[in-house]
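Report on the structure given below.
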Amino acid sequence: NAGVTQTPKFRVLKTGQSMTLLCAQDMNHEYMYWYRQDPGMGLRLIHYSVGEGTTAKGEVPDGYNVSRLKKQNFLLGLESAAPSQTSVYFCASFSGTSGSYNEQFFGPGTRLTVL
Amino acid sequence: RKEVEQDPGPFNVPEGATVAFNCTYSNSASQSFFWYRQDCRKEPKLLMSVYSSGNEDGRFTAQLNRASQYISLLIRDSKLSDSATYLCVVSSTDSWGKFQFGAGTQVVVTP
């Protein structure tokens, strides 16, 4: 059981380049999330998905797009990277049920630098 | 005003001492409460869920005060390995599946 995995772990981009971050979970969770974390700030929600084929905007969606074509995968795309997108990106998943084990599980993060 | 607020610290704690800190939340529809631990900007990991009656897990005790809308975490007999940032996380019935994060409280345990 790998839990939540993310690729790549590190990436350096030049301004204007594009890239896709991949998140995968093997827990059959309905909900998946992309967050960014900047120094001194909490996690901020970029986009999330409540099930296969669905996506929704979070708190800071501008400059990002997402897709959830398969239940186990959630992709985050940067079409034209900007230095303001330098951050640590975390993916998370959640079963969607209430009661026990209703917490989020996080991937190890992707450290992105945009020059 | 942020939905979830924490004292950023750092709380400098001698090894073996007790430290406690709170997290306040503003949404009265908040239903589920968690403490996560985060080391050096690695991924957050669940420390414990917080139940209405309060709960304990070894040296860690979590309390919920719904009337004053805060949760607390107490660490007894602090170990060097307890040095980390502790994140308060809250989810609400009026936005199911969305979690609100505090910015974290840094704890530094010193020898």
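Sort out which residues of region B:62-85 are within 19 Å of B:Val4 (Cα to Cα) and not hydrophobic (A, V, I, L, M, F, W, C), and write them in order of number.
If the condition is that a residue be within 19 Å of B:Val4 (Cα to Cα) and not hydrophobic (A, V, I, L, M, F, W, C), then B:Gln63, B:Asn65, B:Arg66, B:Ser68, B:Gln69, B:Tyr70, B:Ser72, B:Thr85 are the ones that fit.
Given the criterion within 18 Å of B:Ser91 (Cα to Cα), open to solvent by 70 Å² or more (accessible area, probe 1.4 Å) and either away from chain B (no Cβ under 14 Å) or of a type in the set (S, T, N, Q) (or both), identify the matching residue among A:Ser98, A:Ser84.
Every option except A:Ser98 fails the conditions.
Among the residues of region B:62-103, write down those that are open to solvent by less than 20 Å² (accessible area, probe 1.4 Å), within 14 Å of another protein chain (Cβ to nearest Cβ) and part of a helix (DSSP H, G or I).
Of everything in region B:62-103, nothing turns out to be open to solvent by less than 20 Å² (accessible area, probe 1.4 Å), within 14 Å of another protein chain (Cβ to nearest Cβ) and part of a helix (DSSP H, G or I).
Output the number of residues of region A:1-39 satisfying the condition of being touching a Gly at 6+ places or on another chain (Cβ under 9 Å), in a loop (DSSP other than H, G, I, E, B) and under 29 Å from B:Val90 (Cα atoms).
Residues that pass the stated criteria total 6.
With out of contact with any helix residue (DSSP H, G or I) (no Cβ under 7 Å at 6 or more places or on another chain), within 14 Å of A:Gly96 (Cβ to Cβ) and surrounded by fewer than 22 Cβ atoms within 10 Å (Cβ to Cβ) as the only criterion, which of A:Thr20, A:Thr54 stands out?
A:Thr54
Of everything in region A:77-114, what is farther than 30 Å from B:Ser52 by Cα and either modelled with pLDDT under 95 or touching a His at 6+ places or on another chain (Cβ under 7 Å) (or both)? Give them in sequence order.
If the condition is that a residue be farther than 30 Å from B:Ser52 by Cα and either modelled with pLDDT under 95 or touching a His at 6+ places or on another chain (Cβ under 7 Å) (or both), then A:Glu79 is the only one that fits.
Find the residue count for region A:85-115, including only residues that are of a type in the set (Ser, Thr, Tyr) and assigned to a strand (DSSP E or B).
Count: 5.
The values are calculated or read from the model by the stated rules, or taken from the named source; none is laboratory data. These numbers come from a predicted model, not from an experiment. Glycine gets a Cβ as well: all are built from the backbone with ideal geometry, and neighbour counts include every protein chain shown. These area figures cover heavy atoms from the full protein model, side chains too; ligands, DNA and RNA do not enter into them. Shrake-Rupley method; radii C 1.70, N 1.55, O 1.52, S 1.80 Å.
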